[in-house]
Ligand SMILES: [Zn+2]
């Protein structure tokens, strides 16, 4: 199994690693700073550098559905490294930091909106959560204001652990109906945003809510009879023309 360095330190940008497996275009490492697509958060991009100086682009990082192995997907037209080879793995930090900021902001959105989360997606230019809210009248500007108030509080964000038994005794802690928290090793990782939110989560977060920066709810969509999709962007970013 790959050691997940991003769980220990979300700010780790690079590491050395040894290739332990190759699967199609995917490279498995003994340890990594790359987060694999899961829980709606996009997998990391970056590079793997070989001892001879060759740089292999990692176009995304995925988790193999069957085996759970983390695979760094190397772009076409690039050679694959060999098993046993020692590499330097480095994140596209600018991209990952946006994902961390948005991800942390989605925890704040959970605190602002009182409803079960039915889905979500976090990309570098936009993040969204879907809530099961059949009758709610949601106001874009009001949610924007509440989010920015929580961001301005600059609350601490930190991780902890609860046992599987503790979680089973408190099922309301899981806000996301569609995604189960990671249950490796009998302990479940939790994320606390001081005074705002507490839930199981295996993702990457910023240390203080102030680091998220100003955000805006770009639109609220009705998805079916029950679901409301709330889309969030960074207030200072150039808006993409497509969604
Ligand atoms: Zn999280």
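With the chain treated as a Gaussian network of Cα nodes joined by springs under 10 Å, which of 159, 135, 116 yields the largest mean-square fluctuation?
135
Just to confirm the number: angle between the C-alpha axis of helix 140-152 and the first principal axis of the chain, 0 to 90 degrees, nearest 10?
It is inclined by approximately 60 degrees.
Label point 7 Å out from residue 208 along Cα-to-Cβ: which residues of the range 121-158 have amide N under 13 Å?
Label zone hits: 151-157.
Just want to confirm a number: the relative contact order over the range 1-114, from Cα pairs under 8 angstrom separated by 6+ residues, in percent. Before the final figure, lay out each step's value.
Values: 231 pairs, mean separation 32.8, N = 114.
Once normalised by length, the contact order is 29 percent.
Tell me the mean residue ellipticity at 222 nm calculated for the chain from its helices only (DSSP H runs of n ≥ 4, each -39500 (n - 2.57), averaged over every residue, nearest 500). Please list the in-between numbers first.
On the way: 4 runs with 43 residues, N = 243.
Rounded to the nearest 500, it is -5500 deg cm²/dmol.
How would you rank 38, 23, going from fewest to most other Cβ atoms within 10 Å of each one's own Cβ?
Lowest to highest Cβ neighbour count: 23, 38.
With Rg and the Kirkwood Rh both taken from Cα atoms, where does Rg over Rh land for the range 3-91? If you can, show how the numbers build up before the last one.
Numbers: Rg = 11.8 Å, Rh = 12.8 Å.
For the range 3-91, the value is 0.92.
Using the C-alpha atoms of the range 84-243, what convex hull volume per residue, in cubic angstrom, is computed? Numbers along the way, then the final one.
On the way: hull volume 24.1 nm³, N = 160.
About 150 Å³ per residue, rounded to a whole number.
Using only Cα atoms, locate the centre of the range 12-88 and the centre of the range 96-164, then give the distance between them in Å, rounded to an integer.
29
Helix 93-112 against the longest principal axis of the chain: what's the angle in degrees, Cα atoms only, rounded to the nearest 10?
30
Would you mind calculating the relative contact order of the chain from Cα pairs under 8 angstrom and at least 6 residues apart, reporting the percent as a whole number?
Values: 530 pairs, mean separation 44.5, N = 243.
Once normalised by length, the contact order is 18 percent.
At 7 Å along the Cα-to-beta-carbon direction for both residue 76 and residue 52, put a label point, then send me their distance in nm to one decimal.
2.4
Counting only DSSP beta bridges with both residues in the range 96-234, what percent are antiparallel, rounded to the nearest 5?
Working: 32 of 33 bridges.
If we restrict to bridges inside the range 96-234, about 95 percent are antiparallel.
So for the range 3-91: antiparallel DSSP bridges make up what percent, rounded to the nearest 5? The partial results should precede the final answer.
On the way: 25 of 27 bridges.
Of the beta bridges lying entirely in the range 3-91, close to 95 percent run antiparallel.
By average Cβ neighbour count within 10 Å, what is the ranking of 222-235, 187-200 from highest down? Spell out each step's value before the answer.
Values: 222-235: 16.1, 187-200: 18.1.
Highest to lowest by the protection proxy: 187-200, 222-235.
What's the extension gain from residue 222 to residue 235 if we count 0.36 nm per residue and subtract their Cα-Cα distance? Numbers along the way, then the final one.
On the way: separation 13, 0.36 × 13 = 4.68 nm, distance 2.26 nm.
The span from residue 222 to residue 235 would gain 2.4 nm if fully extended.
Over all distinct Cα pairs, what is the inverse of the mean 1/r for the range 80-143, reported as the Kirkwood hydrodynamic radius in Å?
Numbers: mean 1/r = 0.0688 Å⁻¹.
Answer for the range 80-143: a Kirkwood hydrodynamic radius of 14.5 Å.
So, in nm, how far is label residue 11 from label residue 85 when the simple model puts each one 7 Å beyond its Cα toward the Cβ?
Those two pseudo-labels are separated by 3.2 nm.
For the range 49-171, I need the span (max minus min coordinate) of the C-alpha atoms along each principal axis, in Å, sorted largest to smallest.
57, 37, 30
Only the coordinates and a few stated rules stand behind these numbers; no lab work does. Source: prediction; values computed, not measured. Backbone-built Cβ (ideal geometry, glycine too); neighbour counts: all protein chains shown.
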